[in-house]
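Accompanying notes for the structure given below.
The values are calculated or read from the model by the stated rules, or taken from the named source; none is laboratory data. Predicted model, so just to flag it, every value in this text is computed and none were measured. Ideal geometry is used to build each Cβ from the backbone, glycine not excepted, and the neighbour counts take in all protein chains shown. Accessible surface is based on the protein model in full, side chains and every heavy atom, while ligands, DNA and RNA are left aside. Shrake-Rupley method; radii C 1.70, N 1.55, O 1.52, S 1.80 Å.
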Amino acid sequence: MPPYSSEAILRDGASVAIRSLTAADRDHVISVFHRMSPTSVRHRFFTTKRELSPSDLAFLDQLADGPDVALAAIVRTPDGERALGIGRYVVLADGRSAEVAFEVGDADQGRGIGTLLLEHLAINARRRNIATFIAEVEGDNRQMREVFTASGFAVRESLDERTFHVEFPTEDTERFVATAAAREREAAAKSLRAVLAPRSVAVIGASRSAAHSIGRAILDNLIRDGFTGPIYPIHPTATEISGRRCFPSVAAVGAPVDLAVIATPAPTVEGVIADCAAAGVRGVVVISAGFAEVGGRDAEQRLREQVRGAGMRLVGPNCMGVMSTDPAVRLDATFSPIFPPAGNVSMLSQSGALGLAMLDYAKELHLGIADFVSIGNKADVSVNDLLAYWHSSPRTQVIALYLESFGNPRMFARLAPEVARERPIVAVKSGRSAAGTRAASSHSAALASLDVGIDALFAQTGVIRTTTLEEMFDVVALLSSQPVPVGRRIGVVTNAGGPGILLADACEAHDLTLSPLAETTTAALRSFLPHEASVANPVDMIASAPPEHYERAIELVGRDPSVDAVVAIYVPPLVTQPEAVAAAIARAAGAIPADKPIATVFLSSKGTPEVLSSGPRGAIPSYSFPENAALALGAAARYGAWRQRPRGSQLRLEPEREQAIRTCVRAWTGGTAGPAARWLSFSEISQLLTLAGVPVVDHRVAGDPEAAVATARERGFPVALKASVPRLVHKTDVGGVALQLATPAAVTAAALAMRARFPTLQGYIVQRQVRPGVETLVGMTKDDSLGPLLIAGIGGVAVELYKDVAFRVTPVSDRDAADMLDQLRGRQLFDGFRGARPADRPALIEILQRISALIEIVPEMVELDLNPVICHAPGEGCVAVDGRIRLALG
């Protein structure tokens, strides 16, 4: 296998590289040993020693060609690499288990190095079919035992005199995945404290002239907006800028610097970061442009390696900076002229220009901001890092994202659901039209596009997707000030019938309902409203409705048990003042149940009265048009339904199945490298699916018409006959499939016709005719950005015509699979449409999960297309009748 290399963050937020050791790493092993105390040496070697012997180091020479693995946790310093810890395993005689051990210098213990090494050793072990790790731990080595027991693996311990024998499978159980994800979140969050809550800031690139200097604008913003810590301008010759003493370099400051903001020309940035690293700076924000966005990918990669090697975090380059309104920090390390009011919304923008617009719009809407980050090229700090930080931030209650691309979508798929269960995430993802043109080599590839993949990712992670920034702010305004609705039933109070009807139409479009009000509610409304008023839902109080009618009607409708959220619409007539009505609405909002959101629609060119921002219930969102309110409530209701649903569980194949599948795939791909790929034969597909536990129709391969007839007699009539032709996609369309062949003559005639039709015919597939059922599609295709996408849909010959499909990013849970079927327009077919027999929906959900598990086991899989998968009656299961699978070679 090629050398292993990965990057990680320690428990204290420092960055490290995890890489394979080689024979050239003797000095690293010796260095770690010399930083171990006598007690640590005894725990590791079960004896005391002052030096490592040649036999202790001999394992390094055996790593290149042997089965054993050794990894090091490395930090890079200006003087070169430094190893913090070593982890290794030695494969035992059975070839399926290995003994694992660690060495970590005493000064670095407690930072999570052993845990990280164990996680990465387990990844290596699974790739090499090592099923079990064992370890011998001295009885007083409590720290090492805690590494194992807290890892999430299914650890078993037994005590032999003074030594614990530890044993556990290397498979990544759900508990292990959850534990590792929690550790990643905690480490990422800690690593960003120096960026968003620094104790001191250096600004590099501030000019003595205020005109046309981004660095000077950042320095002035830090001062103007009241950063609570020391601010250090860095300039090679100036002694003072904006009333602050200057220093020629960060190293010359002579005091700790948490954050450095760099706004110097791109060619100088590497040298500036080297100075920051030497001074112990923990975070840098690179405003400077001129990197990957203009083709400078190598320079940007060097920046990333610099900061990671020094244990720093980098925001940017090519960004507008970072901001925190926390009163204890008041950080404005941006060149924006706007410092928004403090609040509970944290925002991320991948575009600097749109970031400026977002801050401007937030201030105009009186939307309070907790943090703002412009990530630019995201060379280091990513969306995932910031989600982890905001997940642990008590000031952040809603997260708003403007995204142009994903760095690690699979990590996003693991992280976002954990965040979204506590804090709504609202996202605008640009690039909806950039679906790209795909060669239709399978139904699955033809049906997929980048945008449906993004929709799938957001749907299964609970992220609320909006199509525009305006929609994003509409949704954020609601969720930042109101509770998440527990249902989809809306109660409407208005003084004009037209806007009420518009709202009702918009609610229906967003899967909301205007449910009938209780008789007690309508009776109470009738007791004070004029007889011309309508007390149905929407409640139309007519144009003359005074403020007190608004207050009483909203309270009654809000308390109705059939209402989950309230919308108050106001059209300004001549007889009432908007301010008085707004005050009445604010009072009424404080009287309705706290778990029911309320929104207003003020159809007035004068905007919304400010009193709605300071009522007894706090801010109440107000919209210019009914459609905006319906969109926001619909998004909030969908999010609420997602948050209430069970988490679901992922299906994992047994280790024996995994090993058998990997053995087959290695044989079929030949272990060769390169971009080429091959389509599996139907027999190979059947073997692979059977190993994964997916039922496949019984079949035999026949080389000529006579053999096809003999096979049909053996299998029993009627049969289906299919042509085996290389690269033939849509066999039915071109006469490559013949069904319900009930006699030898029918088989012969179909076989001869196929032989005449296909010059490259390789033979025939003879299948027992499957009884009718609901025809479905189960497929997979790979997206360049998101990775594997699982597909479920209504199948058959018209699958690409109807395009009734749903997508999810793998791996999928049983809940995800069920949601995929619920999303289909033809979902009623599973319930027995127009007198037909219902289908075995649970069996299809299991097949989707098994295919998802298969995709995870076979990363070589490029496309998979099972069409049709016939779903029989409940309890009778499903069976794959035809399929195509393409594997990459290498």
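Observations, loosely collected:
- The chain shape via C-alpha gyration tensor axes, a/c threshold 1.5: oblate
- Heavy-atom SASA rank of VAL611, VAL419 (probe 1.4 Å, accessible area, largest first): VAL611, VAL419
- The mean accessible area for residues of the chain, using a 1.4 Å probe and ignoring ligands and nucleic acids, is 41 Å² per residue.
- The alpha carbons of the stretch 831-887 occupy a box of 43, 18, 15 Å along the principal axes, longest dimension given first.
- Restricting attention to the chain, close to 65% of DSSP beta bridges with both partner residues there are antiparallel.
- If you look at the Cα atoms of the stretch 115-178, you get an Rg and a Dmax of 11.7, 35 Å.
- Seen from a random direction on average, the alpha-carbon convex hull of the stretch 673-823 projects onto 11.1 square nanometres.
- Carbon/sulfur fraction of accessible area - the chain, other protein chains in place, 1.4 Å, %: 53
- For THR467, the accessible area of its heavy atoms, probed at 1.4 Å with every protein chain present, is near 80 square angstrom.
- Computed on the stretch 592-683, the Cα convex hull volume stands at 279 Å³ per residue.
- Whether the stretch 1-85 is rounded, prolate or oblate, judged on the alpha carbon gyration tensor where a/c under 1.5 counts as rounded: oblate
- Per-residue accessible area (protein heavy atoms, 1.4 Å probe) orders GLU714, GLU81, GLU470, GLU300 as GLU714, GLU470, GLU81, GLU300, starting from the largest.
- Heavy atoms of ARG657: accessible area, 1.4 Å probe, square angstrom to 10: 80
- Amide H partners (placed H, <5 Å) of ALA206, local residues excluded: ILE234
- Candidate residues ILE214, ILE794: accessible-area rank, largest first, probe 1.4 Å: ILE214, ILE794
- Point-to-point label distance, ARG162-ASP831, nm (Cα→Cβ direction, 7 Å offset): 7.0
- Between amide H atoms placed 1.01 Å from N, distances below 5 Å from SER622 occur with THR600, all of them 5 or more places distant or on a separate chain.
- Three semi-axes of the equivalent ellipsoid, the stretch 708-774, Cα gyration tensor, whole Å, largest first: 19, 14, 10
- Estimated purely from DSSP H runs of n ≥ 4, each contributing -39500 (n - 2.57), the mean residue ellipticity at 222 nm for the chain is -10500 deg cm²/dmol once divided by its residues.
- Database remark: amide H of GLU7 closer than 5 angstrom to the amide H of ILE18 (H placed geometrically; neighbours at sequence offset of 5 or more, or on other chains; Pro and chain starts carry no H).
- Beta bridges per DSSP, both residues in the stretch 257-347: antiparallel share near 35 percent.
- Judged by the ratio a/c of the largest to the smallest principal axis of the C-alpha gyration tensor, the stretch 205-354 counts as rounded, that ratio being less than 1.5.
- Orientation-averaged projected area, Cα convex hull of the stretch 508-653 (nm²): 10.8
- Kirkwood's formula applied to the C-alpha pairs of the stretch 89-144 gives a hydrodynamic radius of 12.3 angstrom.
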